[in-house]
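Every read-out reported here was derived from the displayed coordinates using simple, explicitly stated rules and does not represent laboratory data. These figures come from a predicted structure and were not determined experimentally. Virtual Cβ from ideal backbone geometry, glycine too; neighbours counted across all protein chains shown.
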Amino acid sequence: MESELIKIDVARLAVNGENFAGKVDGTHLDLELPMLESAGVVTYQLHAIKVGLRLLVRGKVNANVSAVCARCGVLFPLVVEDKEFEREYETLEDQIFVDLTPDVRETILLAFPAFPLCGEECKGVCPSCGRNLNKQECICRGPAPDVRWGPLDDLRIKEE
Ligand SMILES: [Zn+2]
Ligand SMILES: [Zn+2]
């Protein structure tokens, strides 16, 4: 991790624009959402160009985060991505850099799903006993196993 900030050096930016790529530690970005447990690495690949005093930045931003499944409550790794990050900044004549960190933070928060799922097939938890139905079958809802095995048991008894 080179830096905690995502900065563009506008004072020395090449006339034809420049690519900026790097990684920052997501824990420095204060990514706080109810279902977002913690952030890992935030990666960016951006192109910045100055047009007069305006700085145009576009590219891709993604973050490896740990999310809470909205159905079963288990933590799972999730890549949150904005492939069309695009921002425009007004700069001053003597400005040295533009800090993109707040906008990168915002775009990750916006890209984070409202209903994160550990998998499309997540079965969630049993509403009455709270068991994670991905890991074990619920026994509190009762009679299903008995109904299946009942006739077999009867058969065995008759055979004897
Ligand atoms: Zn789940
Ligand atoms: Zn149950």
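Taking Lys and Arg as +1 and Asp and Glu as -1, the other residues whose beta-carbon sits under 10 Å from that of GLU18 total +1.
Each Lys and Arg contributes +1 and each Asp and Glu -1, all at the Cβ; summed about the Cα centre of the chain, the dipole is approximately 400 debye. Simple rule: put +1 on each Lys or Arg Cβ and -1 on each Asp or Glu Cβ in the chain, find the dipole, and look at ILE6, LEU46, CYS129; the Cα lying farthest toward the positive end is CYS129.
With R₀ set to 45 Å, the beta-carbon distance separating LEU56 from LEU133 gives a calculated FRET efficiency near 0.40. Summing +1 for each Lys or Arg and -1 for each Asp or Glu among the other residues whose beta-carbon sits under 10 angstrom from that of ARG54 gives -1. Amide H contacts of GLY17 (H built 1.01 Å from N, in plane; Pro and chain starts excluded): LYS50 sit under 5 Å, all sequence-distant by 5 or more or on other chains.
Specify the angular offset, from 0 to 90 degrees and rounded to the nearest 10, of the alpha carbon long axis of helix 101-111 from the longest principal axis of the alpha carbons in the chain. Here the helix axis deviates by roughly 30 degrees. Converting phi to 3J(HN,Hα) with the Karplus coefficients 6.51, -1.76 and 1.60 and the offset θ = phi - 60°, segment 115-125 yields 9, x, 10, 5, x, 4, 8, 3, 8, x, 10 Hz in sequence order, with x at every glycine or proline.
The slack in the chain from ALA114 to GLU90, taken as 0.36 nm per residue of separation less the alpha-carbon distance, amounts to 5.5 nm. In this structure, the pairs whose alpha-carbon distance is over 25 Å, taken from LYS50/LYS83; LYS7/LYS83; LYS83/LYS135; LYS7/LYS50, are LYS83/LYS135.
Along the axis of the charge dipole computed for the chain (Cβ charges of +1 for Lys and Arg, -1 for Asp and Glu, origin at the Cα centre), the listed residues HIS28, ALA111, GLY73 are led at the positive end by GLY73.
Helix 144-159 and the longest principal axis of the Cα set of the chain meet at an angle near 30°. Residues in segment 37-44 carry Karplus couplings, in order, of 6, 7, 10, x, 8, 9, 10, 9 Hz; the curve used is 6.51 cos²θ - 1.76 cosθ + 1.60 with θ = phi - 60°, and Gly or Pro positions show x.
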